């Protein structure tokens, strides 16, 4: 797992962005696709933004926590390659999508919260491999099927191999 430390300033920016993202989304009628009933929308938004920032720092991509809009399936780009970042508070958590069809970017990255200032990049997977390997997610806290699909961390490729793959693509495309 690749660990990324967030500064106190970055954490404050993430908190401010999460507050605004939650208010904007709820005011727009967009609901969180929460699978953990013990967490608030704002907590989900915060951990998601922290994961996105950690991935952008690790792969040196442009990302601004204060850019908002309805989720179109990509959180950032490395060159021309779109990434969807999924984040969980559980270090052993799974990469989760509400359906195979909702995996829209070519690549998804799983980020986990290690502690308040440290995020871990567990790995990545492409859309085709996710579709072939995913299974129905059952929430361990409530022992219910959620209708979502996931893969375990051991089915992900290493964070370092994503850097190599995107660098090869960027160099091949000039």
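The values are calculated or read from the model by the stated rules, or taken from the named source; none is laboratory data. In this text the structure is predicted, and so the values were computed from the model without any measurement. No Cβ is skipped: glycine too gets one built from the backbone with ideal geometry, and neighbour counts run over all protein chains shown.
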- Item | Matching residues in region 1-16 - criterion: being within 17 Å of the chain's Cα centre (by Cα) and either modelled with pLDDT under 75 or over 26 Å from residue 163 (Cα atoms) (or both) | 15
- Among the residues listed as 19, 60, the single one being over 18 Å from residue 115 (Cα atoms), modelled with pLDDT of 85 or more and in a loop (DSSP other than H, G, I, E, B): 60
- Item | Count of residues meeting criterion [at pLDDT below 95, outside any strand (DSSP E or B) and either surrounded by 13 or more Cβ atoms within 10 Å (Cβ to Cβ) or on the phi > 0 side of the Ramachandran plot (or both)] in region 135-154 | 1
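Which of the residues belonging to region 67-107 are assigned to a loop (DSSP other than H, G, I, E, B) and under 13 Å from residue 127 (Cβ atoms)?
First pass over region 67-107, keeping only residues assigned to a loop (DSSP other than H, G, I, E, B): 67-75, 79-80, 89-94, 98-99, 103-106.
73, 74, 99, 103, 104, 105, 106, listed by residue number.
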- Does region 72-92 hold any residues that are touching a residue at least 40 places away in the same chain (Cβ under 8 Å) and out of contact with any strand residue (DSSP E or B) (no Cβ under 6 Å at 6 or more places or on another chain), and which are they? 78, 79, 80, 81, 92
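Is it the case that residue 93 is in contact with a helix residue (DSSP H, G or I) (Cβ under 9 Å, 6 or more places away or on another chain) and on the phi > 0 side of the Ramachandran plot? Full working, then the answer.
Working: in contact with a helix residue (DSSP H, G or I) (Cβ under 9 Å, 6 or more places away or on another chain): yes; on the phi > 0 side of the Ramachandran plot: no.
Judged against the criteria, residue 93 is not a match.
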